[in-house]
Amino acid sequence: MDINEMVIIFLNQLSGFGPRTIIDLKNKLNKLEEMWSLNKQQLKNIGLTDFKIKKFNEHKEEFRPQDILADFKKEDINYLTLYNDQYPDRLKEIYDPPPVIFYKGCLNFQLPAVAIIGSRNSTLYGRKITSKTASELAKMGVNIISGLARGIDSTAHQGALAADGGITTAVLGNGFDYLYPSQNKLLSQKIMDKGLMLTEFNPEIAPRANNFPRRNRIISGLSDLILVVEAGEKSGTLITVDYALEQGKDIMAVPGNIDRPNSVGCNRLLKKGAAIFTKVSDIIDYLSRYLQNNKKQNEFVETDELFNKVYPELNSDEIKILKLFQHEIEIYYNDLVRLSNLTTEKVDQILVKLELMNLIIRLKGKKYQFKGLQNLLKPI
């Protein structure tokens with residue numbers, strides 16, 4: 001247990017202790033636990049206002065790290081602080097990154113990611129475009145990110161999960177003690193089973209109106225590209241677009257009928273220079289260029305020496321299995337056993353590990369597929 005991480009989680013629930021305050025405290029103090037030994041004037045000297053000092057002193061005796069960990073374990077809640085190596089690099093780069101994120105499911109931050117967002121009061125047309133687009137992108141190994149809201153968000157998650165091996169990430173505007181909206185109970189469980197749910201809010205934080213604009217910066221921050229399907233003139237979706245523009249992300253929008261309220265936001269974005277979306281290949285073309293410019297080319301490593309450098313966590317048998325995908329992207333299980341000369345028990349263990357590393361996915365018919373766009377885990 002890292003006591004500094006526990007302090008970050010504790011402060012994160014206190015009124016007035018937003019991301020900037022917590023990060024500022026972390027930068028000023030060698031150890032955040034020093035706060036418990038500081039008097040009021042000393043707390044002022046490190047930048048806390050009277051209100052924040054009052055809140056801290058009112059609650060500081062409630063700090064029980066072991067109880068926090070026990071509650072997380074009971075509810076199957078994991079966490080990453082800004083100072084953890086697994087914390088997503090994309091979020092570190094945004095203004096006001098959350099000092100801690102809580103999550104359920106499998107981490108997938110290394111995947112190419114597209115945020116699909118839009119109106120809660122979506123049309124049949126909007127949901128159709130969203131479902132088809134999310135599903136096709138997910139089949140190609142793209143992580144579909146959205147906010148679990150009604151309408152376009154929920155449809156995006158559902159479309160991704162409908163694809164074989166599809167991955168999706170839901171960013172919440174509340175803590176895990178609450179399910180919002182309540183009608184997404186089944187969808188939430190599917191996301192936790194096959195994807196990732198995350199939030200910057202401590203478990204006990206209820207959904208509040210001002211939470212959702214905050215969570216939108218995380219949706220855009222985790223994404224390589226934002227696709228707006230439907231948005232009214234004053235849609236909350238446009239808040240995500242504003243964050244995305246601040247973060248230097250590119251925007252695509254689906255054009256809509258000029259006489260429909262849900263098309264006003266998208267059509268306005270297009271007039272201001274957003275890229276037009278008409279088919280999935282528009283996004284794939286963009287991602288290909290983006291990944292070439294920002295990451296090493298997506299190619300298999302040829303030599304054992306480079307394999308060991310790129311995947312130091314894999315042993316010789318695991319590398320042997322992975323290398324079989326060099327010439328055949330999809331391979332039947334029986335062929336993996338035959339070509340590797342390993343026992344079925346050993347092959348099973350290796351395949352599970354490679355799946356958890358998001359290097360391969362399991363398809364129907366006992367077939368495995370290398371996740372082409374996802375061979376970006378390590379720089380060569």
Legend entry - Convex hull per residue volume in Å³, alpha carbons only, for the stretch 103-291: 104
Legend entry - Computed FRET value (nearest 0.05) for Tyr178 with Asn341, which takes r as the C-beta separation and R₀ as 41 Å: 0.20
Legend entry - With every protein chain in place, the stretch 1-51: carbon and sulfur % of accessible area (1.4 Å): 43
Legend entry - Debye log10 I(q)/I(0) for the chain, one point scatterer per Cα, at q = 0.08, 0.13 Å⁻¹: -0.47, -1.10
Legend entry - Solvent exposure, largest accessible area first (probe 1.4 Å, DNA, RNA and ligands not counted), of His157, His59: His59, His157
Inset, instruction - Return the FRET efficiency for the residue pair Lys40, Cys106: r is the Cβ-Cβ distance, R0 is 45 Å, and the value is rounded to the nearest 0.05. - result: 0.50
Inset, instruction - Grab the other residues whose beta carbon is less than 12 angstrom from that of Gly147, score K and R as +1, D and E as -1, and report the net. - result: +4
Legend entry - Order of exposure, largest accessible area first, which applies to Tyr243, Tyr125 with probe 1.4 Å: Tyr125, Tyr243
Inset, instruction - Name the residue, out of Gly232, Gly16, Gly173, whose mean-square fluctuation peaks in a Gaussian network model built on the chain with Cα pairs under 10 Å. - result: Gly16
Inset, instruction - Once you have all Cα-Cα distances for the stretch 3-72, histogram them in 5 Å bins from zero and send the whole-percent values. - result: 3, 16, 31, 30, 14, 5, 1
Inset, instruction - Write down the percent of antiparallel bridges among all DSSP beta bridges whose residues are both part of the stretch 103-291, to the nearest 5. - result: 15
Legend entry - trypsin sites (Lys or Arg not before Pro) restricted to DSSP loop in the stretch 23-119 with at most 13 other C-beta within 10 Å: Lys31
Inset, instruction - Report the label-to-label distance for Glu330 and Leu245 in nanometres (one decimal), using points 7 Å from each Cα along the Cα→Cβ vector. - result: 4.2
Inset, instruction - Can you check what the net charge comes to around Lys54, using other residues whose Cβ is under 13 Å from the Cβ of Lys54 (Lys, Arg +1; Asp, Glu -1)? - result: +3
Inset, instruction - Express in whole angstrom the spacing between the alpha-carbon centres of the stretch 151-196 and the stretch 339-368. - result: 26
Legend entry - Net charge over other residues, Cβ less than 15 angstrom from the Cβ of Leu227 (K, R count +1; D, E count -1): -2
Inset, instruction - Roll a 1.4 Å probe over the protein chains and send me the accessible area per residue for the stretch 103-291 in Å². - result: 40
Inset, instruction - With both partners inside the chain, how many of the DSSP beta bridges are antiparallel, as a percent to the nearest 5? - result: 45
Inset, instruction - Would you mind checking Lys234/Lys279; Lys128/Lys371; Lys104/Lys366; Lys139/Lys364; Lys139/Lys185; Lys194/Lys366 for any pair whose Cα atoms are more than 20 angstrom apart? - result: Lys234/Lys279; Lys128/Lys371; Lys104/Lys366; Lys139/Lys185
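The values are calculated or read from the model by the stated rules, or taken from the named source; none is laboratory data. Here the structure is a predicted model, which is why all the values come from computation and not from measurement. When we count neighbours, we look across all protein chains shown, and the Cβ atoms used for this are built from the backbone with ideal geometry, even at glycine. The accessibility values were calculated without ligands, DNA or RNA, using every heavy atom of the protein model including side chains. Shrake-Rupley method; radii C 1.70, N 1.55, O 1.52, S 1.80 Å.
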